[in-house]
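Structure first, then comments.
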Amino acid sequence: MFNLKGRVAVITGASSGLGRQMATGFAKQGADLVLLARRIERLEDLKRELEPLGVKVLPIKCDVTNSAEVDAAASVTELTFGKVDILLNCAGASRDKGALDMNDEEWNFTINTDLTSVFKVTRAFGNIMKKNNYGRIINIASMYGLVGNDKIPTIAYHSSKGGVVNYTRAAAAELAKYNITVNCICPGYFYTELTTDVLQTEDFQAFAKEHVPMQRYGMEGELNAGAIFLASDEASYVTGVILPIDGGYTAV
């Protein structure tokens, strides 16, 4: 089960964090990869790391907030592979301030990167899926797309990820007739090269013990299984699902 050999998976935000982790997980399942990010040198490094697994890897420099770059990446992908089977919208960034302090530029940066990019990338690559009457789209939102929080003021991040959650439902309803499923994963805090130092502080360790039922944060690879399931043929009747992978944070 969950064999992705012969499938072509496009992953945005693949140069670091959860996108990079999932690129590795999908390669281990046999999927050929199209890796999108702004830092092409990091994508080239990842290509060299993953190709010994016997998969094809196409790195493309792409700013997912730029429609022309996204459309060009989709064209190169279709020319190279002839299809797109799986799309993982992982790219994200935010400017963290509260509702009364955030300025327009900070708000627009976060909304454009975390929400509008999902629309642009899905439009470009979803139209390739439509031609082939097959697709699996997985959007990475956040547990903070489902709930608020009283620890860090991140109003734009919460808003953008909540938008991704309902964008997923709407797109799932629209695209089902093309045999394209659209689902969403809402991760909790995960250890990555960008977050480990912060999450290991005494303050954040205490936060995990108090607010996360499993009393810890997510480890590398623990997000992969949910994404691989949603990307598989076995999940053919699963669409519009919002899946928290957060150690139980949103359950209490």
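The values are calculated or read from the model by the stated rules, or taken from the named source; none is laboratory data. As the structure is a prediction and not an experimental result, all values here were calculated from the model. All Cβ positions, even for glycine, are placed from backbone atoms using ideal geometry, and neighbour counts span all protein chains on display.
Okay, residues lined up against (1) over 29 Å from ALA31 (Cβ atoms); (2) loosely packed, with under 15 Cβ neighbours inside 10 Å; (3) of a type in the set (Val, Ile, Thr):
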| position | (1), (2), (3) |
| --- | --- |
| SER159 | yes, no, no |
| ASN166 | no, yes, no |
| GLN200 | yes, yes, no |
| GLN205 | yes, yes, no |
| LYS209 | yes, yes, no |
| VAL212 | yes, no, yes |
| GLN215 | yes, yes, no |
| ILE228 | no, no, yes |
| THR239 | no, no, yes |
Per the filter on the stretch 217-226, residues exposed (fewer than 15 other Cβ atoms within 10 Å of the Cβ) and assigned to a loop (DSSP other than H, G, I, E, B) are MET219, GLY221
Taking GLU193 as meeting all but one of (1) at pLDDT 95 or above; (2) not in a helix (DSSP H, G or I), write down the number of the exception. (1)
Please tell me if THR12 is surrounded by 24 or more Cβ atoms within 10 Å (Cβ to Cβ) and either within 27 Å of ALA235 (Cα to Cα) or without any contact (Cβ under 8 Å) to a residue 40 or more places away in the chain (or both). yes
Matching residues in the stretch 152-169 - criterion: being of a type in the set (A, V, I, L, M, F, W, C) and part of a loop (DSSP other than H, G, I, E, B): ILE152
As an exercise: evaluate ASN132 against (1) modelled with pLDDT under 95; (2) within 19 Å of VAL8 (Cβ to Cβ); (3) polar (S, T, N, Q) and give the number of the one condition it does not meet. (1)
Six or more apart or on different chains, Cβ under 9 Å: which pairs go from a residue in the stretch 220-246 that's in contact (Cβ under 8 Å) with a residue 24 or more places away in the chain and under 16 Å from ARG7 (Cβ atoms) to one that's surrounded by fewer than 20 Cβ atoms within 10 Å (Cβ to Cβ) and hydroxyl-bearing (Ser, Thr, Tyr)? Could you list them? ASN224/THR24
